[in-house]
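Undergrad: Can you keep this structure in mind? I'll have questions shortly.
The values are calculated or read from the model by the stated rules, or taken from the named source; none is laboratory data. Worth saying up front: this structure is predicted, and the values here are computed from it rather than measured. Note: ideal-geometry Cβ built from the backbone for every residue, glycine included; neighbour counts use all protein chains shown.
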Amino acid sequence: MTKIAIILGSTRSGRAGERVAQWVLEQARERGDADYELIDLAEVDLPQIDEPFPPAMGRYSHPHTQRWATTVAAFDGYVIVTPEYNHSFPGVLKNALDRVYAEWNNKAVGMVSYGVDGGVRAVEALRPVLSALQLAHVSAQVTLNLRTDFAQFGAAFTPGEHQGRALTAMLDQLLSWTNALAQTRTDPS
């Protein structure tokens, strides 16, 4: 079965992302079309990049990088759940993305963002980074607004009904692209 990682890209204490990622995971699992798993970067031991060689060389010397490479390689596609911090995405997410290279290549990724304006600038900042990693980012996305999809400005997650439809559309595209790209990872030519 196709394996999709839902990557929670914030480690801030009191973060709204935990509730968002759990919602994505529950909705995705109800579909029954793939094996969905949550990866919380707060639980992954990734210090700032400390490898002596560029990730594109694939020469990972530290056990934490080797474990991360194995984790990333185990999935066929990804959903990134990210807040918007200062018109971009969190440094911990950038560190996780930059840590390895080939393990991301020729796979698809969808995005769920949240923030005052739905986190749209975080997604736009992510797109060129994902392209550089040869990750095909789908156009459908979920943008959760702290004013309307959260009660008390983030204290409780209360997504609007339309957000479920947006998530379905993004996951539909993600699965389609993930399945199409599987051929590129298995075809020896």
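Residue-wise test of (1) outside any helix (DSSP H, G or I); (2) in contact (Cβ under 8 Å) with a residue 24 or more places away in the chain.
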residue: LEU130; (1), (2): no, yes
residue: ALA140; (1), (2): yes, yes
residue: ARG165; (1), (2): no, no
residue: LEU171; (1), (2): no, yes
residue: GLN183; (1), (2): no, no
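Undergrad: Something else about it: Within the set of pairs 6 or more residues apart or between chains, which connect a residue that is over 24 Å from GLN183 (Cβ atoms) inside segment 93-109 to a residue that is among the charged types (D, E, K, R) and part of a loop (DSSP other than H, G, I, E, B) with Cβ atoms less than 9 Å apart?
TA: Matching pairs, first to second residue: ARG99/GLU51.
Undergrad: Still on this structure: For segment 66-80, does any single residue satisfy the condition of being part of a strand (DSSP E or B) and touching a Lys or Arg at 6+ places or on another chain (Cβ under 6 Å)?
TA: There is at least one residue in segment 66-80 that is part of a strand (DSSP E or B) and touching a Lys or Arg at 6+ places or on another chain (Cβ under 6 Å).
Undergrad: Which residues, counting only those in segment 17-64, are aromatic (Phe, Trp, Tyr), more than 17 Å from GLY110 (Cβ to Cβ) and either in contact with a helix residue (DSSP H, G or I) (Cβ under 7 Å, 6 or more places away or on another chain) or buried (at least 18 other Cβ atoms within 10 Å of the Cβ) (or both)?
TA: TYR60
Undergrad: Might you let me know whether segment 2-9 holds any residue that is farther than 15 Å from VAL109 by Cβ, modelled with pLDDT of 95 or more and buried (at least 16 other Cβ atoms within 10 Å of the Cβ)?
TA: No - not one qualifying residue is present in segment 2-9.
Undergrad: Continuing with this model, one more query. Does THR71 satisfy the condition of being surrounded by 17 or more Cβ atoms within 10 Å (Cβ to Cβ) and either without any contact (Cβ under 8 Å) to a residue 24 or more places away in the chain or farther than 27 Å from ALA151 by Cα (or both)?
TA: So THR71 passes the test.
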